[in-house]
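See below for the structure under consideration.
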Amino acid sequence: MKRFLSIPYIVWMAIFVVAPIILVVVYALTSGSGSFTFENFAHMENFLSVFIRSMIMALIATAICILIGYPLAYALACEGPRLQKIFIMLIMLPMWMNFLLRTYAWMSILENTGLINSLLSALGLPTVNMINTQGAVVLGMVYNYLPFMVLPIYSVMVRIEPSVVEAAQDLGANSFKVFLRIIFPLSLPGVLSGITMVFVPSVSTFIISRLLGGGKSLLLGDLIEMQFLGSAYNPHLGSAISLIMMVIIIACMMVMNRFGEGEERAVML
């Protein structure tokens, strides 16, 4: 009887996950006439710069999220339950607003007549061109995806038994050694989960790069969107690019999962 309860989920996954992936593979391996071909993949070298740019910007955004999110999650896990609930609500509060509206808000802040430049002008300082730059795109990624780094790390840290930390302190470990030998290794699963949840949407985003980058920093998401909805309509090429991007992302996730398994075994030993 319990197996039948999973049927709705299986049907949902088959229709909205498996079927679209199959369609992407079919389109990537066929031409406009429907014949089998690898020609769509032969054009990938023309977009190598877009792949490299997308990966670099996604890695930079992910690294910044780690540098900001890890100390924030650690400080949050050390607070009392009441403060934890308040800060978790504050972290999640921007996520309750529409993604597009949040990005439009940053456009108003970063544009040449926006809040920051208006403040600089009022102080008699020179204005700075921030909008339509790669830095603005990375800033948009960090702002939108930072909660996805903080929450997994926090959820792992808050489950670390205080008795483990107390035992290390009783054995003479100072605060730095406790963090380096206990807290950090045990929090690595949350870090790896956060990296995945930030890197994957960052490397495939197109709204952030379009609004904050002004179309000057073409990313993989923009390139794929152009093939399906833009003037350069070619769903077969767009599917080939999407398939390669999925393979790269899956390979990165497999490497991180293997690294995480190795760290877990080391901690257990």
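The values are calculated or read from the model by the stated rules, or taken from the named source; none is laboratory data. Here the structure is a predicted model, which is why all the values come from computation and not from measurement. Here the Cβ is made from the backbone with ideal geometry for all residues, glycine too, and neighbour counts use every protein chain on show.
A few remarks follow.
- Qualifying residue in the stretch 221-240 (condition: surrounded by 15 or more Cβ atoms within 10 Å (Cβ to Cβ) and within 30 Å of Pro71 (Cβ to Cβ)): yes
- Residue selected from the stretch 20-41 under the condition over 18 Å from Phe228 (Cα atoms) and either of a type outside the set (A, V, I, L, M, F, W, C) or surrounded by 11 or more Cβ atoms within 10 Å (Cβ to Cβ) (or both), by the criterion farthest from the chain's Cα centre (by Cα): Ser35
- Residues being within 26 Å of Arg210 (Cβ to Cβ) and surrounded by fewer than 12 Cβ atoms within 10 Å (Cβ to Cβ) - total across the stretch 88-98: 4
- Residue in the stretch 6-18 that is closer than 18 Å to Ala240 by Cβ and among the hydroxyl-bearing types (Ser, Thr, Tyr) present: no
- The stretch 1-116 holds helices (runs of 4 or more DSSP H) entirely within its bounds, and those carrying 3 or more residues that are small (Gly, Ala, Ser) map to 48-77.
- Residues in the stretch 60-87 that are within 15 Å of Gln134 (Cβ to Cβ) and either surrounded by fewer than 15 Cβ atoms within 10 Å (Cβ to Cβ) or without any contact (Cβ under 8 Å) to a residue 60 or more places away in the chain (or both): 1 in all.
- Filter pass, Ser54 being modelled with pLDDT of 90 or more, exposed (fewer than 13 other Cβ atoms within 10 Å of the Cβ) and among the hydroxyl-bearing types (Ser, Thr, Tyr): no
- Close pairs (8 angstrom Cβ cut-off, 6 or more residues apart or separate chains): at positive phi and in contact (Cβ under 8 Å) with a residue 40 or more places away in the chain in the stretch 235-253, among the polar types (S, T, N, Q) and in a helix (DSSP H, G or I) anywhere: none
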